[in-house]
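What follows is a set of notes on a single structure, which appears directly below.
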């Protein structure tokens, strides 16, 4: 397991800390002709070799280096402005997947699915999933009794921003409760209140204030109840 941790550490250091933004821009402009692409891969290989410091793992190091080059090069060739964000996440998922595969192949570690699939892990997955889209749909259905278009002013808001904010706040509340950090939940509620109601006080719209207040309380209430349910079960 220590080898796997080291490989992940090297990946994040190499991809995010030892790759300046100007390197990324040059790679996007010159693509396969960019020297920074090959230098970036070389840094990964050297850093992995130093961190592992085991000649018996040369096959693992070489495989990670070659696949890293293939993944990065492919991304540069097919990347467009509209797909840049999506390809970034796909790129990271592929790199991490390769690391896991190499770890199990070259270290002869037996992958035991029972370690991951437990009652607690499945329950945790259910709770996390519930706090994302299902909770958003529940709240959207509840708020359908109001016509938000008559409440919002002409400036409007970012598209789907409320949904994303709600998902994030519920996930954070759930995590804090599982970790028994109720103080953090209070801090989160206070922080949102300061930002939300500060703007509402300026706009002086009572209906919008009540709308957001109800939404905030319901969102936090769902997350708190889910967190208490999870902790009581385990």
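Please treat every number below as a calculation from the coordinates, not as lab data. Just so we're clear, the structure is a prediction, and the values are computed from it rather than from any experiment. Ideal geometry is used to build each Cβ from the backbone, glycine not excepted, and the neighbour counts take in all protein chains shown.
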### Message
Taking a virtual spin label 7 Å from the Cα of residue 28 along the C-beta vector, which residues in segment 45-89 bring their backbone nitrogen under 19 Å of it?
### Response
71-89
### Task
May I ask you to sort 139, 1 by Cβ crowding, counting other Cβ atoms within 10 Å and putting the fewest first?
1, 139
### Query
Applying 1/(1 + (r/R0)^6) with R0 = 30 Å to the Cβ-Cβ distance of residue 119 and residue 217, what FRET efficiency is obtained, to the nearest 0.05?
0.45
### Summary
So for R0 = 30 Å, FRET eff. of residue 78-residue 21 from the Cβ-Cβ r, to 0.05, ends up at 0.90
### Message
Looking at segment 7-146, I'd like the Rg to Rh ratio, where Rg is from alpha-carbon atoms and Rh is Kirkwood's inverse mean 1/r.
### Response
1.11
### Query
How many nm is it between the label spots at residue 129 and residue 58, if each spot is 7 Å from the Cα in line with the beta carbon?
4.6 nm
### Query
How would you rank 54, 72, going from fewest to most other Cβ atoms within 10 Å of each one's own Cβ?
54, 72
### For a label point 7 Å along the Cα-to-beta-carbon line of residue 101, residues of segment 60-83 with backbone N under 20 Å
60-78
